[in-house]
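Enquirer: Encoded as structure tokens, here's the structure I'll be asking about.
Every number in this text was worked out from the coordinates using simple rules, so none of it is lab data. This structure is a prediction, so every number in the text was calculated from the model and none was measured. As a convention, Cβ positions derive from the backbone with ideal geometry for all residues, glycine included, and neighbour counts pool all protein chains shown.
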Amino acid sequence: MKIVKEALAGTLESSDLLVKVSPGSGTGLEVVVSSEVMQQFGHQIDHVVRDTLARLGVTAGLVVVEDKGALDCAIRARVQTAVMRGAEAQTIDWSALS
Amino acid sequence: MKLRRSMLFLPGANAAMLSTAFVYKPDSIMFDLEDAVSLREKDSARILVFNALQLPVYREIETVVRINPLNTPFGLPDLEAAVRAGVDVVRLPKTDGAEDVELLEREVERIERACGREVGSTRLMAAIESASGVINALAIAKASPRLIGIALAGFDYVMDMQTERGDGTELFYARCAVLHAARAAKIDAFDVVWSDLNDEAGFLKEVDLIKRLGFNGKSLINPRQIELLHNAYAPTEEEVEYAGRVVAAAAEGERKGLGVVSLNGKMIDGPVIDHARRVLQRAEASGTRK
């Protein structure tokens, strides 16, 4: 899936996260994560974000994640939504979201 | 016999509530993709609910997704998400006739086949929200073997009737019609939400009414209504004690090969035994009434 425009998903409420995607500089994939629980879970959040992007076939763009203590399922959901909005996807391949 | 006293509504776009609602232990949790979600967040709520449904904790509680009506652009994508995520029950809003349920059933079966889910494993419920729906309640209740129940939705119904919520008089016919349809079809019946969270006495008065009418339970909009509702539906100690003696007498009668037995001179037959079992089930779920 190719990110063609800037898009947001999520909120900055507790137990949620805000994900911002953009096409970036066109030189590959860059993921930037900040979190209230960075020390304990930063590595896990980064892993979930990258795994979700890989399943969606995203190989290029800038993905900025501001986490407020979300569960993995919410992280996946917000990344998926931001990517679909950024890719202007009209249909969903549900198997890529499982 | 699944106990369905409390069906807790959760806004589908709210990550915090979706991540924690199971701790409140309602009988069923309903993820709402319809009225509780703004138009610009329909896509994000759908994807959030799809992911939340796959949390292991939601395998231990009955899950329901209220989709948008199928005649909107959101209905079918909602249904794809819910069925593919393994939801237990799909709740259809604004059901006016049997054909609405039949269309839903066809689409559910199509999705089950497409994703490899066992055909028939997705159950349905229909919410009746209009005068037409109330008039057609029996046909709706019998429209599909997948239906586990029908619900009355008060707000849209009173709007359609050109009235407003009051002391319950305005809902009396609809409640009775929906309830009779459900009972004739041997499925569950759910009452309207109580929206004034600060009026606990009004909530309990309404719960007492719908319990005496015969509703299985109520749709709820706040976790703090769960314990109040469960307690109101809990039997008294005397009722539990009597129900225990009824079930014991029935077992003894069955052991002796008797069709009908008596307890303290009163005949105990099938309906009495079924009622006693329901009393014991409610007591097991939440104790006796406090």
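Enquirer: Using the 10 angstrom Cβ neighbour count as an exposure proxy, how do A:VAL58, B:VAL119 rank, fewest first?
Expert: B:VAL119, A:VAL58
Enquirer: Here's a follow-up. Dividing the convex hull volume of the alpha carbon atoms of the range B:6-233 by its residue count, what do you get in Å³ per residue?
Expert: Once divided by residue count, the hull of the range B:6-233 is 117 Å³.
Enquirer: Rounded to the nearest 500, what is the protein assembly as shown's calculated 222 nm mean residue ellipticity when only DSSP H runs of at least 4 contribute -39500 (n - 2.57) each, over all residues?
Expert: Rounded to the nearest 500, the figure is -13500 deg cm²/dmol.
Enquirer: What is the Cα radius of gyration of the protein assembly as shown over 2.2 N^0.38 Å, N being its residue count?
Expert: The reported ratio for this selection is 1.13.
Enquirer: Say the cut-off is 20 Å between C-alpha atoms; which of B:LYS2/B:LYS205; B:LYS186/B:LYS266; B:LYS25/B:LYS94; B:LYS2/B:LYS256; B:LYS25/B:LYS218; B:LYS142/B:LYS211 go over it?
Expert: B:LYS2/B:LYS205; B:LYS186/B:LYS266; B:LYS25/B:LYS94; B:LYS2/B:LYS256; B:LYS142/B:LYS211
Enquirer: Can you compute the label reach from A:GLU30? Point 7 Å from Cα along the Cβ direction, backbone N cut-off under 11 Å, restricted to the range A:45-75.
Expert: Of the residues in the range A:45-75, A:61-64 have backbone N under 11 Å from the label point off A:GLU30.
Enquirer: In sequence order, what are the phi-derived ³J(HN,Hα) couplings for the range B:190-196 according to the Karplus relation 6.51 cos²θ - 1.76 cosθ + 1.60 with θ = phi - 60°, rounded to whole Hz, with x for glycine and proline?
Expert: Residue by residue, the range B:190-196 yields 10, 8, 5, 6, 10, 8, 8 Hz.
Enquirer: Also, I was wondering about something else. Give the residue list of GluC sites (Glu not before Pro) in the range B:83-141 that are DSSP loop and have at most 11 other beta-carbon atoms within 10 angstrom.
Expert: Filter output for the range B:83-141: B:GLU118.
Enquirer: Write down Rg/Rh for the range B:37-101, rounded to two decimals, with Rg from the C-alpha atoms and Rh from the Kirkwood relation over Cα pairs.
Expert: Rg/Rh: 0.98.
Enquirer: What's the percent breakdown of Cα-Cα distances in the range B:102-206 across 5 Å bins, shortest bin first?
Expert: Calculated over all Cα pairs of the range B:102-206, the distribution is 2, 13, 21, 18, 16, 13, 9, 6, 3, 1 percent.
Enquirer: With the radius of gyration and the Kirkwood radius both derived from the Cα set of the range B:77-121, what is their ratio Rg to Rh?
Expert: Result for the range B:77-121 is an Rg/Rh of 0.96.
Enquirer: A further question follows. How large is ³J(HN,Hα) for each residue in the range B:135-147, as worked out from phi by the Karplus curve 6.51 cos²θ - 1.76 cosθ + 1.60 (θ = phi - 60°), to whole Hz, x for Gly and Pro?
Expert: Using θ = phi - 60°, the values come out as 4, 9, 4, 5, 4, 5, 5, 9, 6, 7, x, 7, 5 Hz.
Enquirer: Averaged over B:78-89, how many beta carbons belonging to a partner chain fall within 10 Å of each residue's beta carbon?
Expert: 1
Enquirer: Against the 2.2 N^0.38 Å scaling, with N counting residues, where does the range B:1-114 land? I'd like the Cα-based Rg ratio to two decimal places.
Expert: Relative to the rule-of-thumb radius for its length, the range B:1-114 sits at 1.01.
Enquirer: Same structure, new question: As a footprinting exposure proxy, order B:LYS211, B:LYS42, B:LYS290, A:LYS5 by other Cβ within 10 Å, with the fewest listed first.
Expert: So the residues, fewest neighbours to most, are B:LYS290, A:LYS5, B:LYS211, B:LYS42.
Enquirer: First obtain the Kirkwood hydrodynamic radius of the range B:237-286 from its Cα pairs, then insert it into the Stokes-Einstein equation at 25 °C and 0.890 mPa s, and state the resulting D in µm² per second as a whole number.
Expert: Calculated translational D: 224 µm²/s.
Enquirer: Moving on to the next point. Percentage of Cα-Cα pair distances in the range B:130-181 greater than 16 Å, rounded to whole percent?
Expert: 37 percent
Enquirer: Put a dot 7 Å past each Cα toward the Cβ at A:GLU6 and B:GLU284; how far apart are the dots in nm?
Expert: Between B:GLU284 and A:GLU6, the label points sit 5.9 nm apart.
Enquirer: State the volume of the convex hull built on the alpha-carbon positions of the range A:7-91, expressed per residue in Å³ and rounded to an integer.
Expert: Convex hull of Cα atoms, per residue: 82 Å³.
Enquirer: Mind sorting B:MET30, A:MET1, B:MET161 by how few other Cβ atoms lie within 10 Å of their own Cβ, fewest first?
Expert: Fewest to most other Cβ atoms nearby, the residues stand as B:MET161, A:MET1, B:MET30.
Enquirer: Additional query: Diagonalise the Cα gyration tensor of the range A:54-98 and give the resulting equivalent ellipsoid semi-axes, square root of 5 times each eigenvalue, largest first, whole Å.
Expert: Listed largest to smallest, the semi-axes of the range A:54-98 are 18, 13, 10 Å.
Enquirer: What distance in nm lies between label points placed 7 Å from Cα along the C-beta direction at A:GLN40 and B:ALA184?
Expert: Roughly 5.6 nm, to one decimal.
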